[in-house]
Amino acid sequence: MFKAGIQYAAGIDFDAVRNSILSKNTEIYVSEAGKILESLGDKDKGIINIKGLVWKVAQERELYSDSVRNAVNAGAEYIVAETKGLDTVDKLVAAVDNNIELIKECGLCLLVENSNLYNGNKYIYGPFSEGKKLCDIVEGLRKRVHYDNIGICADIGVANLLGSNLKSFTKDCMRYLALIHMNDNDGVIDSAQMPFTFTVGRGTRATDIFRVIGILIQYDYNGYVVFNNRGTWEVTPKQLHHSMVRLLEGMTAEWQKEYRFKEAIADRDKILVLFGGGNMFRDYMISFGDKYPPEFIVDNDKNSWGQERLGITIKSPEEILAIPEDKRNVWICNMNYDIIGKQLESMGIEYNCFIDQYYI
Amino acid sequence: MITVGIQTKGLLPEKNTDEAFKMIHDAGFDCVDINIDTFLKNSDLYSGKLNGFFSESMDNLVEYFLSYRVAMEKHGIRASQMHAPYPVRVEGRDVQNNYMQGEVIPKSIVIAEVLGVPWVVIHPFKMQYRYGKEREFQENIEYYKMLVPILKQCKVGICLENLYEALGNRIVEGVCADPEEAVRYIDTLNDYAGEELFGFCLDTGHLQLVNRDPAEFIHILGHRIKALHLHENDGTGDLHQLPYSFGSVAGEGQDWNRIMKALKDVGFAGTLSFETFPTMNSFPRSMQKCVLETIHDIGTYWTTLI
């Protein structure tokens, strides 16, 4: 399971964060660490847990050692090397050389973050934009400074500005991926807004966040997912920050539920049944059919009963009732979740919903 | 007293009626904007595809929508406004236009009466780019005048709405995008009716798309504003998204403080009604409840500014 957290951005209402489950993994900028750590009182102990630091490499040639040590004493485990503003890998290497002893001393995991160059008009690929190149950089740094505790922070919003295939980008980073910075934008401006708010038409999502989560699930990613939505905190009145934090908690709950999906379909003590033999069933079989094939599928189309689809027999929904209640593992594989859900409820059958958008 | 409402589109008719109104109530909303345009979609009308929903007898339609009334009463929600099917006129589709204007819209008004809706948003015809603004005005006025008797009979009012059009890939102003023009429509019709049967529905997202200043618009329309469609976009597409979800620094995105101040200036006392149905699709399904709660929180905060 991933660890959800929140980046403290200037302007965020601290009370909104304080009361959130996301505060268990709070991330702060090194440059603000002193001020923030001072402001934390006894009431925050165990509630606001500083887990990560962000180092603006281009502006901070040398890390403030007191700030870093104090943050580590407060619980910080990682430090993100924000490469924004760096146009060569050598500049990152020089900065790491300059500060690695402090990082090693504190036992911090150093995470190289993706960034893009800006040509005055738009964002373009730079030395830190691609997942495979980030892996090469990490491997090079590990060898150079003799420190294995170096990995990748993948900022989804930053990758989105290049029109990257976000699923492929995340997969390319996976070998060393330890932190996802989750935010959204329109693909043009780095607004670091809340996920799922950029759409086209009537609610069609314009950013491929579902597939990013899907690839994390498929690879059993157990690192951090930290919401770094400075745009949201800047634009939204403070009185509404708690509402926006609640939305982020809702996203966290949804993704945690989806993580449990993989555990659920892998449960060999239960009989896996999929409701629906159409496109969504096909999508399930492509992603999970090899490892977790269903025992059978059910469909309301009587003409399909007794036939096979992708090697799986199709039966009447009534056949589910032949399975002992505690052995049923039923998943709706059809976009008409509400209608089929009502049907199953009327039959007294518990069910879950397969969300193919994560995996197709 | 200012109330906070939300449209039913995005929840109905997909969900069970009672379940949908319960969700709306549980999120804290007092009012709803009933979207009966979901029963005859604009995309179908633009492509000439009609279904038989509004061809049903009035008795059958009333019986169908009684389930809405029952659910609203059960959950303590009232309808502050309704949105009739649109477009009411499509160039070159005369048979369809006659059906919309002669049957669908009048039946919509009767449905509004059944549901206790005071104001129904009925889009004016979009004709200016082909026929000019004056002919567009005349034909709209002629049609709306024909509806006056049924409005009086049903004790329902009509709201015109500020619209846009698309020329190529570019969004341009449409009917009532000009506030002075909107005032002319409403005052002409109310003078004819002899009472306030016509008002205005201000759509904040549509204003963004045609670069109109919402505060100026509100001040010019004044007391004529009877309904609101509150939502935000990126200035390029009619996204109907959550307020405060655009921009990266304070001052970017829609200036909601300015809008609320303007509504306060003109003495608006109606419903802050959100038209944000895409959020029911753009966020994961499991988040529908907390999205609704967030929208309600935004509306509640805004009531403190008015």
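Please compute the average number of Cβ atoms from other chains found within 10 Å of each residue's Cβ in peptide B:274-284.
6
How large is the dipole of the protein assembly as shown about the Cα centre if only Lys and Arg carry +1 and Asp and Glu carry -1, each at its Cβ, rounded to the nearest 20 debye?
On the way: 69 positive and 92 negative charges, 154 e Å.
I would put it at about 740 debye.
Hey, if you put +1 on the Cβ of every Lys and Arg and -1 on every Asp and Glu Cβ in chain A, which of A:C153, A:I50, A:I349 ends up farthest toward the positive end of that dipole?
Selected residue: A:C153.
Hey, how many Å between the Cα centroid of the range A:230-275 and the Cα centroid of the range A:65-116?
First find each Cα centre; the distance between them is then 30 Å.
Which whole-number percent is the relative contact order of the range B:132-180 (Cα, under 8 Å, 6+ apart)?
22 percent
Amide H of B:V121 versus every other amide H placed in the peptide plane: which residues, excluding those fewer than 5 positions away on the same chain, fall under 5 Å?
B:M82, B:H83, B:A84, B:C159
What are the residues whose amide H is under 5 Å from the amide H of B:E173, where those residues sit 5 or more places off or on another chain and H is modelled from the backbone?
Close amide H contacts, sequence-distant or interchain: B:E165.
Which log10 I(q)/I(0) values does the range A:220-353 give at q = 0.09, 0.10 Å⁻¹ under the Debye formula, counting every alpha carbon as one identical point scatterer?
Taking Cα atoms of the range A:220-353 as identical point scatterers yields -0.37, -0.45.
Between A:K91, A:K342, A:K315, which gets the highest mean-square fluctuation from a Gaussian network model of chain A, Cα cutoff 10 Å?
Judging by the Gaussian network model, the answer is A:K342.
From the alpha carbon gyration tensor of chain A, can you work out the equivalent ellipsoid semi-axes (sqrt of 5 times each eigenvalue) and give them in Å, largest to smallest?
Value: 42, 22, 20 Å, ordered largest first.
Which of the GluC sites (Glu not before Pro) across the range B:29-118 are loop residues per DSSP, with 10 or fewer other Cβ within 10 Å?
Nothing satisfies the criteria.
List, in order, the whole-Hz ³J(HN,Hα) value for each residue of the range A:184-190 obtained from phi through the Karplus relation with A = 6.51, B = -1.76, C = 1.60 and θ = phi - 60°; use x for Gly and Pro.
9, 7, 8, x, 10, 10, 7
Here is the link list: A:K24/A:K45; B:K22/B:K155; B:K107/B:K145. Which ones come out longer than 20 Å on Cα distance?
Among A:K24/A:K45; B:K22/B:K155; B:K107/B:K145, the Cα-Cα distance tops 20 Å for B:K22/B:K155.
Residue by residue through the range B:14-24, what is 3J(HN,Hα) from phi via Karplus (6.51 cos²θ - 1.76 cosθ + 1.60, θ = phi - 60°)? Round to whole Hz and write x for glycine and proline.
Along the range B:14-24, the couplings run 4, 8, 4, 4, 5, 4, 5, 5, 5, 4, 5 Hz.
Among A:V225, A:V188, A:V112, determine the one that fluctuates most according to a GNM of chain A built with springs between C-alpha atoms less than 10 Å apart.
Answer for the Gaussian network model of chain A: A:V188.
So what are the range A:1-149's ellipsoid semi-axes, whole angstrom, largest first, if each one is the square root of 5 times an eigenvalue of the alpha-carbon gyration tensor?
27, 18, 14
Given an 8 Å cut-off on Cα distances and at least 6 residues of separation, report the relative contact order of the range B:59-163 as a percent.
Values: 114 pairs, mean separation 31.5, N = 105.
It comes to 30 percent, rounded to a whole number.
What are the trypsin sites (Lys or Arg not before Pro) within the range A:181-272 that DSSP puts in a loop, where the Cβ has at most 12 other Cβ atoms within 10 Å?
Listed in order of number, the matching sites are A:R268.
How much of the DSSP beta bridge set in the protein assembly as shown is antiparallel, as a percent to the nearest 5?
Counting DSSP beta bridges with both partners in the protein assembly as shown, the antiparallel share is about 15 percent.
Taking loop as defined by DSSP and a crowding limit of 15 other beta carbons within 10 Å, which trypsin sites (Lys or Arg not before Pro) in the range B:103-170 fit?
Passing sites in the range B:103-170 are B:K155.
Let me know the Rg and Dmax you get for chain B when you use only its Cα atoms, in Å.
18.3, 54
Using Stokes-Einstein with the Kirkwood hydrodynamic radius over Cα pairs, what translational diffusion coefficient do you get for the range B:133-188 at 4 °C and a viscosity of 1.567 mPa s, in µm²/s rounded to a whole number?
103 µm²/s
For the protein assembly as shown, just run the numbers: alpha carbon Rg, then divide by 2.2 N^0.38 Å, N being how many residues it has.
Taking the Cα Rg and dividing by 2.2 N^0.38 Å, one obtains 1.07.
Okay, helix-only estimate at 222 nm for chain B: each DSSP H run of n ≥ 4 adds -39500 (n - 2.57), divide by all residues, round to 500 deg cm²/dmol; what do you get? Don't skip to the end; give the middle numbers.
Working: 14 runs with 132 residues, N = 306.
One gets -12500 deg cm²/dmol as the mean residue ellipticity at 222 nm.
In sequence order, what are the phi-derived ³J(HN,Hα) couplings for the range B:250-260 according to the Karplus relation 6.51 cos²θ - 1.76 cosθ + 1.60 with θ = phi - 60°, rounded to whole Hz, with x for glycine and proline?
3, x, 8, x, 5, 8, 5, 4, 5, 5, 5
Please report, to two decimal places, log10 I(q)/I(0) for the range A:70-223 at q = 0.10, 0.11, 0.15, 0.21 Å⁻¹ as given by the Debye formula with identical point scatterers on the Cα atoms and no solvent.
-0.37, -0.44, -0.80, -1.35
Each reported figure results from applying straightforward, stated rules to the coordinates on display, with no laboratory input. These numbers were taken from a predicted model, which means no experiment stands behind them. Positions of Cβ are backbone-derived with ideal geometry, glycine not excepted, and every protein chain shown enters the neighbour counts.
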